[in-house]
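Please treat every number below as a calculation from the coordinates, not as lab data. This one's a predicted model, so the numbers in the text were calculated from it and none came from an experiment. Methodologically, a virtual Cβ is constructed for each residue, glycine included, from the backbone with ideal geometry; neighbour enumeration extends over all protein chains shown.
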Amino acid sequence: MNTSSSLLAFIGGGNMASAIIGGLIRSGTPTDQLLVIEPWDVQRDKLRAEFGIEALPAADERLARAGTVVWAVKPQSFAEAAAPCAGHVGAALHLSVMAGIRSDAIARATGSERVVRAMPNTPALIGQGITGLYARVDVTPAERERIQALLAPTGSVLWVEREADLDAVTALSGSGPAYVFYFVEAMVAAAERMGLSAEQGKQLALATFTGAAELARRSPDSPATLRERVTSKGGTTYAALCSLEASGVATAFIAALDAACQRARELGDEFGR
């Protein structure tokens, strides 16, 4: 086992931890620089088999060797998971991918003020995610760069200056993939109503979302301008958008994002103080 501060320890070895670990290994990180604490036997065996890394059932003194600790447990399990780690991780930089656990709580539980909170999303599993990041004041610019390098295999990152802004990030991008899947489901259902097969509808819907998103990413024009360019008055797109407006879809969608943001705040109040 590597004994230097380059050791990277994960508390929890689920999907998001696995996405980060897999990306790090693919980008050249030696497996002896990675350590996972994972109490579930099946998941521990999976990590060992898939990545060839050391996975322990419980925290011990080896954690003191870690320069960076990644918290990837369920929010409701944080207090229980942190207790046996606390005596070993006070000198480390901490990255949390837990929803709702605020940095004050992490700092108290670990004894370290060097805490970065992250809100990733599930496309990180294929290297196409985006992660919102917030750093406490004691985190140095070099440590911010270390966190960005750690997350680079999962996709892009966006730093926010206020921790409260992570609630909005949660509502937009953290929960965002579910909104896309929701609209794809509706488009597939509509395709079937109009006589296409479910597979044809899925192919058309996914290609449309992927292509439109990439066009918007590359274009200097606003989404509103891009929408207007494909909306001829009296045409098919115009008819569809008029129907959406009459049904109040935009208003309802904004309200849905507000609800997600509010729920993120509530989870912070429940688990993260």
| note | Placing one equal point scatterer on each C-alpha of the stretch 81-123 and summing with Debye, one gets log10 I(q)/I(0) at q = 0.20 Å⁻¹ equal to -0.58
| If we count other beta carbons within 10 Å of each Cβ, what is the order of LEU125, LEU95, fewest first? | LEU125, LEU95
| query | Looking only at SER247, SER175, SER77, which one moves most when the chain is put into a Gaussian network model with springs between Cα atoms under 10 Å? | reply | SER247
| remark: Quick note, the stretch 28-185: a/c under 1.5 would make it rounded; otherwise a/b > b/c is prolate and the rest oblate (a ≥ b ≥ c, C-alpha gyration tensor); here it is oblate
| note | Output for the stretch 176-268 (equivalent-ellipsoid semi-axes, sqrt of 5λ from the C-alpha gyration tensor, Å, descending) is 24, 19, 16
| remark: Taking Rh as the Kirkwood radius computed over alpha-carbon pairs of the chain and applying Stokes-Einstein at 4 °C with viscosity 1.567 mPa s, one gets a diffusion coefficient in µm² s⁻¹ of 63 µm²/s
| query | What residue among SER103, SER156, SER219 has the largest mean-square fluctuation in a Gaussian network model of the chain, using Cα springs under 10 Å? | reply | SER219
| task | Could you grab the relative contact order for the chain? Cα pairs under 8 Å, six or more apart, rounded to a whole percent. | result | 16 percent
| note | Comparing GLU54, GLU214, GLU143 in a Gaussian network model of the chain (Cα, 10 Å), the one with the largest mean-square fluctuation is GLU214
| query | Tell me, SER222, SER112 in order of fewest to most beta-carbon neighbours within 10 Å? | reply | SER222, SER112
| request: Evaluate E = 1/(1 + (r/R0)^6) for GLU228 and ALA79, where r is the Cβ-Cβ distance and R0 equals 51 Å; express this FRET efficiency to the nearest 0.05. | output: 0.50
| request: Calculate the spin-label point distance for ALA216 paired with GLU61, positioning each point 7 Å from the Cα along the beta-carbon direction, and give it in nanometres. | output: 5.4 nm
